Structures are given as C-alpha cells and as structure tokens.
1. What lysines does Lys461 reach when the alpha-carbon gap must be under 22 Å and sequence neighbours fewer than 8 apart in one chain are set aside?
2. Take the Cα coordinates of the stretch 78-196, assign each an equal point scatterer, and use the Debye formula without solvent to give log10 I(q)/I(0) at q = 0.13, 0.14, 0.21 Å⁻¹.
3. Using Cα positions and a limit of under 25 Å, work out the lysines in reach of Lys369, with same-chain residues fewer than 8 apart set aside.
4. Indicate the gyration tensor shape class of the stretch 444-492 (rounded, prolate or oblate), computed on the Cα atoms with a ≥ b ≥ c the square roots of the eigenvalues: a/c under 1.5 is rounded; otherwise a/b larger than b/c is prolate and the rest oblate.
5. Placing +1 at every Lys and Arg Cβ and -1 at every Asp and Glu Cβ, with all other atoms neutral, what dipole size does the stretch 337-486 have around its Cα centre, in debye to the nearest 20?
6. When the Debye formula is applied to the Cα atoms of the chain, each taken as the same point scatterer, what base-10 log of I(q)/I(0) results at q = 0.13 Å⁻¹?
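What follows is calculated from the coordinates using simple rules that are stated; it is not laboratory data. In this text the structure is predicted, and so the values were computed from the model without any measurement. Glycine gets a Cβ as well: all are built from the backbone with ideal geometry, and neighbour counts include every protein chain shown.
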Amino acid sequence: MTEQFRDRSYENQKKFFDRHHCALFSKSIRVSVEINSNEGLFIRSAIPIRNKTWENYNGEFRITLKAIFEPTTLEDLIDIITVQKHFKYGWTVTAEAGTSLLELDNALRYHDPPLTLDSEAIYDSFRVSGVVAVGAHGAKPSSGIMPDQVCSMTIVTGSGKLCEFSEEKNKLEFNAAKVNLGLLGIIYTVTFRTKPMYNLRLSYTYVPVTWLNYPLRIKHLLETSDSIQLYYFPYNGFNTSEDPNLYDFTRDQIVVKRWERTNEPVSFTQQQLKQTHETQRQNFIKIYEIISSNLPQNPRAVANVAAKILSANKNTSFVFQAPDAIHSFAYEPRAKYDLSSYTFKVYPDFSNVAAEFFYGIKTLYEFAKEGKYPLNYLMEFRILKSDEALLSPTFNHDPNVLYCSLDYMPITGTPDYEEFVTLMAQRFFNKYKAKPHWAKKWEFIPNVLSYLSDVYSDQIKLFEKVRAKYDPDKIFFDNKSLEEIFNGALYK
Ligand SMILES: Cc1cc2nc3c(=O)[nH]c(=O)nc-3n(C[C@H](O)[C@H](O)[C@H](O)COP(=O)(O)OP(=O)(O)OC[C@H]3O[C@@H](n4cnc5c(N)ncnc54)[C@H](O)[C@@H]3O)c2cc1C
C-alpha cells in the first residue's frame, strides 16, 4: 500500500481515536472499557505508555500508542481471543483487531479440540484486521480471500457505535464489511469459521521452466493437492556476474511448492521450527543486504542472488501442522521488499496462467538485453476461488470461478521495477480486466484510478450505500486515490 494510502487512512483513524480518548487500533486493548473519574477512560489491564511508536513493514507508516497490552500468558490470550461454538458454523474464533495470525493460530492449536483457519496469508505477523480490511489471501483454491472465512465482524463506526456485520444480519452490508479498506470505521473484532486441525506435507520441487508448456499440469497438481504456489527466482539458470549474455530463459527452473493433506506425524517440534525460522530470517537479511548494497553499482550481478541462496536446499518434503505449513516462511522486517500483485480469472485449461507466468520470465530477459534487471527476488502465483465481498479483486457470484494471483517482488528501490510491472499490469488489464491487490503497490500505473472506477463500478455503487449509512460525515474517507476511484464509479 502506498504512503499516501496509509497516511491518509491513519490520519482519519487518529482523528477518531483522539475524539474517543482511546486507541482501539491494537491488540493491546481489551474488550471492557471502564470509566475512571480521575483518568477519563480506563482500559482494563492496558498499561499507559509514552513515546512508544509502532511502524508498518517498510517503515512508511508510524503511529504513537497511548496504551499497550502485551499478552504474555495463555490467560491473556484467551482474553483477546475467544473460541466458541456457533449454531450454524460450528467452532468459531473471535479475535480483537490487533491480534496477529500467530496468536490466533496458537490459540486454536492449543484448544481442545485443536483447530485451525483453513487458509491464511503467508506471514503470521499480519493482524486479523489488516488481512480482513484489504482482502488478503493464502494459496488455497477451495478457499478464497481470508475475509471469506469470516462469519461476523464488529466495527466502531463514525458515530462511535459498535456495529455488528454478519450474513444473518444483512448480507449486502456484510459483503461490504468483508473487504472494507478501513472505510466503514475501526474494526474491533473479527470472528472466523475454523476447521479441525490437520497436517500438511509441504514439498518443493524444482522443474525446468518448460514445464509450463503443458498448462494442464497445473490443473492436475491443483486437483491432487490441498494447495499450490509456483515460484520463479529471476535468472536462476545463469551466473549473472560472469555470463556475458543472459539470453536463454529455458535454462531457468521454477519451483513447485505443494501442500498435500496427510495423516503422517509432523517432522519437527515447535522448538525446531523456531530454529528453522531463525535461520530463514538470517538468510533473508543476508539476501537483502547483498542485493541492496550492490544494487546501485551492479544491478545485474545481484539479480540472481536470491535464486542462489534460496535454492541451496532443493526438492525438500516435510510434514507440518496446517498453520505451520501455510506460514512456512518467517517474517523478517529488516528485509524490505516492494510488492505488486494482479488477479485475473483462470481459463478452464489453465493456459492463461502458464502463458502469463512464462511471459513475465521472457520479459525479464528482454529487459536484461537493455541492461535492466527489474526483479531480483521473486515472481510467484497462487490460485484461489471467487467470493462475494464487494471490493474484493476476486469478486464473482459464481462460486466455481478460480482466480490467479500473480506477484512480482524485488527488494525496495530496484530500478526499472515500475516500468516492468506497468507493462505486466496493462497487459492484464487489457486481456482480463485484472485487479490489483489493494495492499500492494499499484498507484504508479498510468490511469489506474479511472481503470479501477470502471472495473469496480457496480460493486462500488453497492458499497457506497453501506459506507454512506455508517460514515455519512466521511470521517474514514479522505484517501485521495480511493476518493477518485469512487467518484469515477459513482458520478461518471
Ligand atoms: C512481505 C509481505 C508479504 C505479503 N504477503 C501477502 C500474502 O501472502 N497474501 C496477501 O494477500 N497479502 C500479502 N501481503 C499484503 C498484506 O496482507 C497486507 O499488507 C495486510 O494488510 C497486512 O496486515 P497488517 O496487519 O500488517 O495490516 P496493516 O498494515 O496494519 O493494515 C492494513 C490496512 O488495513 C486497514 N486496517 C487495519 N486495521 C484496521 C482496523 N482495526 N480497522 C479498520 N481498518 C483497519 C487500514 O486501512 C490499514 O491501512 C504481504 C505484504 C508484505 C509486506
């Protein structure tokens, strides 16, 4: 998400917090708020705090907290996460907005019976409100964006009221709340459906890039797996610092990441997993430092550093509990990346998925001929199902439609990245009416705002009815890009 987008949302939220003398924007805040005559609003067990700031993943977005609550014991966690049976959905879990996916996973893992979310975004450091507000997703084709697992949500709206959104209360309003971009108010709690805990075998297999010549392989893989993700590490068939020409992309390999359900026992203890994650973090920092320190002088030499380091252990296969298999990579905030992601409908024979992944790889070699190396970390795709959240990039009333989400990720500051992504994005816009991931970078694409007004036109008209009802004074709506997109859809 761009600086402008973040800062403006924050300004709105801050105004709101200031008005209500408390910061609801954190896991730090407990459910019950009592009046204390000496101190105004007193938040149960929260520790008042000064000079404490919080930063987002790339340091663009910063807030100052007024109070903080750090869960340190299981009892603390139980207080901000509630697991309960629902008459319609079975076991559900309710978490306060700032709860991380890690905290949620652990509360479910140690519940009796053990439970899990069905699909989650890659990093367990993300918070439930953040993934729901922007429509984040995992890799599972039978499950869509994370908000599709939500069965209800409470939001503090502009009038200061706590409102509940659920399918049972009002389906249209719920479909607006599911991906709300912060426009309906401050999300306070999110309730997810859960599944009984299960194990997944997670395998990485390296295949030649020509594997993509038979797109039905992707379909077959999907049909015989729980989920899949395909990676490409740029220029991996070459030693970019020595080979004089980067010409033949068929020397490259791609990585097939595959999750399969299994009854086999897990391969690692939680303690061993912690150590693996620590090693991963060290690797991510190493990759980031090598690339970022050499990027200005020699972008070519560092274009395949990630390939070399991350491909050291090829063709591995291990068993994990579902959340550990989903969050197979540890988050390392010191390694800064740019992300852009586009979502388009999958053809029944998957030919367009293979073709577009291939096209991206070929284009990287075209750029290399001109001395440009716009991607130095990875390109990847995942397949997910449609959903009915109005502002979702995978919105479709047909539940059987599949979408491909294709991501491009260099380290922050890589030259020519925007030119490369613009080329890809415009191709996807023209061919498929593709939609960008709201939480990734897209505002640099020429004419993207009017394009988004068009492709989201019908959904924005419905969303606006709900938004205007809950925030008529536009307390939460002063983001310039969103304003322009909405105006284009509503008043054209
Ligand atoms: C390295 C990296 C990897 C990523 N991988 C994935 C991935 O696998 N899949 C995917 O889909 N996305 C992915 N993303 C994008 C990610 O899902 C989003 O950035 C997500 O918002 C992160 O959650 P957060 O808790 O950090 O959100 P935050 O940055 O805290 O919030 C994001 C936005 O959500 C809204 N919001 C947050 N909390 C509230 C609240 N309480 N009330 C109202 N609005 C709120 C605000 O508009 C805010 O700007 C990735 C991002 C990074 C940096």
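1. Straight-line reach from Lys461, under 22 Å: Lys169, Lys171, Lys178, Lys433, Lys435, Lys469, Lys474, Lys480, Lys492.
2. -0.45, -0.52, -1.22
3. By straight Cα distance, Lys369 reaches Lys308.
4. On the way: a/c = 2.79, a/b = 1.50, b/c = 1.86.
Cα axes put the stretch 444-492 in the oblate bin.
5. On the way: 18 positive and 22 negative charges, 47 e Å.
My answer is approximately 220 debye.
6. -1.37
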